[in-house]
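The values are calculated or read from the model by the stated rules, or taken from the named source; none is laboratory data. These numbers come from a predicted model, not from an experiment. Counting neighbours? That spans all protein chains shown, and the Cβs are built from the backbone with ideal geometry, glycine included.
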Amino acid sequence: MKISNRLKIISVSAGIVLAVTAVLSFTTKVVDNLPVTGDLEAPAAVKEIFVRACYPCHSNTANLKWFDKLPGVASMVRSDILTARKHLNFSEWDKLAPAAREAALWEAYNMINSGTMPLPSYAAVHSAAAVSAAELTTLRNYLLTKRKTVTAVKQDTVQQAATTLPNPLPTSLTGIQFMPEFRQWEVMSTTSRFDNTTMRVMYANPIAMKAIREKQIKPWPDGAVIAKVVWDKERDKDGYIHPGQFQNVQFMVRDAERYKSTDGWGYAKFETKALKPTTTLLVAQSCASCHKAAAKTGGIFDLSTLN
């Protein structure tokens, strides 16, 4: 190689080094790491997942990469972190009541499980934030165990019945597994049917509730899940109506491609306290046929929050 060519290569390399050095020297401060007043207490394997996947934004211990601090990028990262801390801050865990802590952990699990969190834009450049299927199982098992422990201490009849779950959790023929975490979701609506004397409480997972609030349901986003708990309707001696015998829990899971044959919704029903899944796919087809009547709201009945 000629000396002149070598000099050109050296010159270009030096220029690249200088350019990178210049860029790094102009990185900006993103956020202040405020004091930790109370951190999440959880088994080491569980906490490691939250620390790796959530803490960079949802805590006062942000450990940012150099490219997070670049001019132009830093302002967006700052906005994301401040928004995340406002919604959930693991460094201020002591400020949440026990019930709120449990709900926050279930919401975090649901958001990770649905692929909504970590933010896709964040995960694309922070590969360490990815949560594997095995780690999701670790989180879910921890939350289910934690729920049972709290229930045993409180000796609450309703909650105690709710945690008597088959092991493993039942799965419907449509591939939908029973989701005990629905109890941590927001109540979407309550309904009473006069034709079959039942009453229901409907829950929406975070993705579904966000779509409802923002009126983005045509179509519903993939990952939205609606749960419906059904009881017999009974009238007491004073004429008051209240839930009677438990009948079933039903789920609607949005996946436009997977459930294309049933208008983008997967259906599952788990009967009695034994949570026995229905034994025929005709039930799903029947549900889909019925829900066509709610086409104006994307196939979901009783969206009172949209009124």
* Asked: Could we say that K210 is assigned to a helix (DSSP H, G or I) and surrounded by fewer than 18 Cβ atoms within 10 Å (Cβ to Cβ) here?
  -> yes
* Structure fact -> From the option list D94, D32, single residue qualifying as in a helix (DSSP H, G or I) and either modelled with pLDDT of 85 or more or of a type outside the set (S, T, Y) (or both) is D94
* For the range 118-138, what are the residues that are small (G, A, S), touching a residue at least 24 places away in the same chain (Cβ under 8 Å) and exposed (fewer than 12 other Cβ atoms within 10 Å of the Cβ)? -> A128
* Sort out which residues of the range 45-73 are free of Cβ contacts under 8 Å to residues at least 40 places away in the same chain and more than 17 Å from N110 (Cα to Cα), and write them in order of number. => E48, S59, N60, T61, A62, N63, L64, D68, G72, V73
* Take D232 and decide whether it is out of contact with any strand residue (DSSP E or B) (no Cβ under 6 Å at 6 or more places or on another chain) and over 25 Å from W106 (Cα atoms). => no
* To do: Considering each of F246, F251, F270 in turn, give the residue that is at pLDDT 90 or above, part of a strand (DSSP E or B) and surrounded by fewer than 17 Cβ atoms within 10 Å (Cβ to Cβ).
  => F246
* Single residue of the range 213-241 satisfying the filter (of a type in the set (A, V, I, L, M, F, W, C) and not in a loop (DSSP other than H, G, I, E, B)) that is farthest from T262 (Cα to Cα) -> I241
* Asked: If only one of N63, N5 is in the same structural domain as R85 (by TED's automatic domain parsing) and modelled with pLDDT under 90, which one is it?
  -> N63
* Asked: Of all the residues that make up the range 48-75, how many are hydrophobic (A, V, I, L, M, F, W, C) and within 23 Å of the chain's Cα centre (by Cα)?
  -> 7
* Asked: Among R85, R101, which is the only one that is in a helix (DSSP H, G or I), at pLDDT 85 or above and out of contact with any helix residue (DSSP H, G or I) (no Cβ under 6 Å at 6 or more places or on another chain)?
  -> R85
* State all residues of the range 37-69 that are in contact with a Ser or Thr (Cβ under 9 Å, 6 or more places away or on another chain), surrounded by 16 or more Cβ atoms within 10 Å (Cβ to Cβ) and more than 22 Å from E135 (Cα to Cα); if no residue qualifies, say none. => N60, D68, K69
